[in-house]
Amino acid sequence: MNIYEIVKKRRSIRSYKPGPVEKEKLTRILEAAGSAPSAANRQPVYFVIIKDEKTKLQLKKAYDEKWFYTAPVIICVCSTPEKAWKRSDGKNYADIDAAIAMDHLILAATEEGLATCWIAAFKVPVVKSILNLHPGIEPVVMTPIGYPMDIPEPTYRKPIDEIIKII
Ligand SMILES: Cc1cc2nc3c(=O)[nH]c(=O)nc-3n(C[C@H](O)[C@H](O)[C@H](O)COP(=O)(O)O)c2cc1C
């Protein structure tokens with residue numbers, strides 16, 4: 001697939017087959033995520049790969065959707081705001097760097113035939129505690145990874161003319 005085909009193919013998948021994700025695929029996906037750019041190349045992003053069944057089940061307390069905590073793998077993309085670049089007006093780019101890494105990860109997973117879903121609506125203190133994150137490391141987004149059970153139709157997008165301005 002080329003990049004345009006991958007972008008079109010990606011969906012938020014909310015049902016996963018129980019089968020495992022191949023180690024080589026996971027490695028390639030994480031390498032893609034790790035090669036994402038970051039502001040001033042500060043690389044404040046950190047990934048927690050959760051395969052352990054007990055830990056996944058514990059994550060139910062953070063985000064109570066069965067398709068999430070029973071997926072074969074869950075990845076939590078974290079950032080360290082302290083290490084991230086700050087603009088002169090004080091804006092911290094840690095979350096943006098994490099989002100870029102997550103997008104690389106999700107598009108690479110799509111190329112590998114794997115399903116994902118951006119998850120932000122989790123309880124942050126619960127995730128910090130379950131994953132035993134060091135102080136200063138913030139969980140930004142998570143995704144389950146596995147093979148899709150169902151692939152939904154594409155969701156609505158605004159027509160491109162509505163979201164661009166040509167000057
Ligand atoms: C930053 C971000 C956070 C999201 N958080 C959640 C979430 O917590 N739970 C969920 O089910 N979907 C979540 N989504 C998925 C969106 O609902 C989904 O991307 C959107 O409805 C468009 O559908 P599509 O991804 O299938 O194209 C999130 C997406 C983004 C980009």
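Please treat every number below as a calculation from the coordinates, not as lab data. Owing to the predicted nature of the structure, the values given are computational and were not obtained by experimental measurement. Here the Cβ is made from the backbone with ideal geometry for all residues, glycine too, and neighbour counts use every protein chain on show.
By definition, a body whose alpha carbon gyration tensor gives a ≥ b ≥ c is prolate when a/c is 1.5 or more and a/b is larger than b/c, and the range 107-154 fits this prolate description. A simple spin-label model places the labels of Glu5 and Lys17 2.0 nm from each other, with each point 7 Å out along Cα-to-Cβ.
Overall form of the chain: oblate. Here a/c, set by the Cα gyration tensor axes a ≥ b ≥ c, is 1.5 or more, and a/b is not larger than b/c. Protection proxy ranking for 3-11, 114-122, 156-164, using the average of other Cβ atoms within 10 Å per residue and placing the highest first: 114-122, 3-11, 156-164.
Taking square-rooted eigenvalues a ≥ b ≥ c of the alpha carbon gyration tensor, is the range 55-109 rounded, prolate or oblate, where a/c under 1.5 means rounded and, failing that, a/b exceeding b/c means prolate? Since a/c reaches 1.5 and a/b is larger than b/c, the shape of the range 55-109 is classed as prolate.
Take the residue pairs Lys66/Lys128; Lys17/Lys86; Lys8/Lys83; Lys51/Lys83; Lys25/Lys54; Lys17/Lys128 and return only those whose Cα atoms are more than 31 Å apart. Exceeds cut-off: Lys17/Lys86; Lys8/Lys83. Taking the Cα centroid of the range 4-54 and of the range 95-129, what is the distance between the two, rounded to the nearest whole Å? That distance is 7 Å. With R₀ set to 22 Å, the beta-carbon distance separating Lys54 from Asp95 gives a calculated FRET efficiency near 0.15.
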